[in-house]
1. Take the conditions of a type in the set (D, E, K, R) and modelled with pLDDT of 90 or more and apply them to Arg26. Does it pass?
2. Which numbered condition in (1) surrounded by fewer than 18 Cβ atoms within 10 Å (Cβ to Cβ); (2) not assigned by TED's automatic domain parsing to the domain that holds Leu371 is the only one that Val237 fails?
3. Return yes or no: is Gly52 on the phi > 0 side of the Ramachandran plot, surrounded by 18 or more Cβ atoms within 10 Å (Cβ to Cβ) and not hydrophobic (A, V, I, L, M, F, W, C)?
4. Scan region 36-67 for residues that are farther than 30 Å from Ser192 by Cα and touching a Pro at 6+ places or on another chain (Cβ under 9 Å) and report the count.
5. Six or more apart or on different chains, Cβ under 9 Å: which pairs go from a residue in region 120-146 that's over 20 Å from Val185 (Cα atoms) to one that's charged (D, E, K, R) and loosely packed, with under 15 Cβ neighbours inside 10 Å? Could you list them?
6. Can you list the strands (runs of 3 or more DSSP E) found entirely within region 118-191 that contain at least 3 residues being modelled with pLDDT of 85 or more and closer than 13 Å to Gly43 by Cα?
7. Within region 192-203, take every residue that is more than 14 Å from Gly109 (Cβ to Cβ) and not in a loop (DSSP other than H, G, I, E, B) and give me the one that is modelled with the lowest pLDDT.
8. Name every residue in region 103-153 that is under 25 Å from Gly56 (Cβ atoms), over 25 Å from the mean Cα position of the chain (by Cα) and polar (S, T, N, Q), in order of residue number.
Amino acid sequence: MRKLLHSLPLAVLLWVLPFSLAHADRIKDLTTMAAMRGNQLIGYGLVVGLQGTGDGSDLSFTTQSMKTLLNRMGVNQENPLSDYEAATSGGKIDLKNVAAVMITADLPGMSKPGQRIDINVSAIGKATNLRGGSLLLTSLRGVDGQIYALAQGSLTATGIDVGAAGSKVSTGVTTSARIPGGATVEKAVDNSFDKADNVLLNLRDGDFTTASSIIQAINTKFGGDVASALDSVSIVVRAPMDSSQRVSFMSMIENIDVQPGEPPARIVVNARTGTVVISRNVRVLAAAVSHGTISVSVAMTNDVSQPGMLSNGTTKEVQNADVKVSEPNKPMFLFQPGVDLRQIVDAVNQVGATPSALIAILEALKSSGSLRAELLVI
């Protein structure tokens, strides 16, 4: 591993190997209950209290939202429009301190009214920084248009945007923020946990071997045909109808240890960061690989041409170009049939491959049909 990190300083090459070939995982770590699926919520609101980094008065929807909010709170009821314009023109309301935002949240399954959930707040107008702002009371709706939560609170923004004397430094994203526990659940989502005859378990990663192992483990513990498979993802479990018994039964189910199936051979490449992750089951057929780059350098030299003493000529500048082409001597390495991950890493290290070269080698092996793995480039 030290040799690997030394030869690939700009890349992170991870060798994914389990500590033991036979390992057990809990069913709760391999599956999710269908009745516990989450739901996405969305809302539109206003953030106030900014230090001049808001939308300003140029955006009509921010102005209209603030006017509507003030009207609902009993401000300017007699002549809302003219009084509002007078208030803004007189400096009583500064929309530079207000930003229109979109709020998103995930409502966990089986959430009950009164529970708190985290929310994300993102600017949609001209606001440049949400740091220090406070979100006004906003309703969060589901895809059915119903209100499931109410959000309000002070924003936590991690981004920093500092500028002075023509210089500007930005770290992170200043136009998005979070409010931990910023929304209160107002309505529960109906689920079938206490109504259905069976409980449906869905594997996080579909695999026939893992599904078969889970079914065998459940039936071995409880006997009979308590569990059965619908496909490589879904498993049906017969559970007691009484809610208390069903909870206890599912508690026993999710803590059963099973041996999952081996994951498929896969290589994940992040071309932006140079990160390469190779799973243990990757194999390479017989192949010869040679990788090298040609570098061209051009050196410009400026000289002066002097005329002869009696030639009546003029002095001129002369540019001389020196072009050199160099190609490093990269040895070719040979993959034997069925080589494993360690041999692949050692072979790549022998030629001192850079992150971009490593990615190119993997893509070429996949294109030639010699790589027995799925290559994912993200």
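1. Yes: the conditions hold for Arg26.
2. Answer for Val237: the failing condition is (1).
3. The answer is no for Gly52.
4. 1
5. Gly125/Asp58; Lys126/Asp58
6. Qualifying strands (runs of 3 or more DSSP E): 134-141, 147-154.
7. Asn198
8. Answer for region 103-153, where residues must be under 25 Å from Gly56 (Cβ atoms), over 25 Å from the mean Cα position of the chain (by Cα) and polar (S, T, N, Q): Ser134, Thr138, Gln152.
The values are calculated or read from the model by the stated rules, or taken from the named source; none is laboratory data. Because the structure is predicted, anything quoted here is derived from the model rather than measured. Cβ coordinates were reconstructed from backbone atoms using ideal geometry, including for glycine residues, and neighbour counts include every protein chain displayed.
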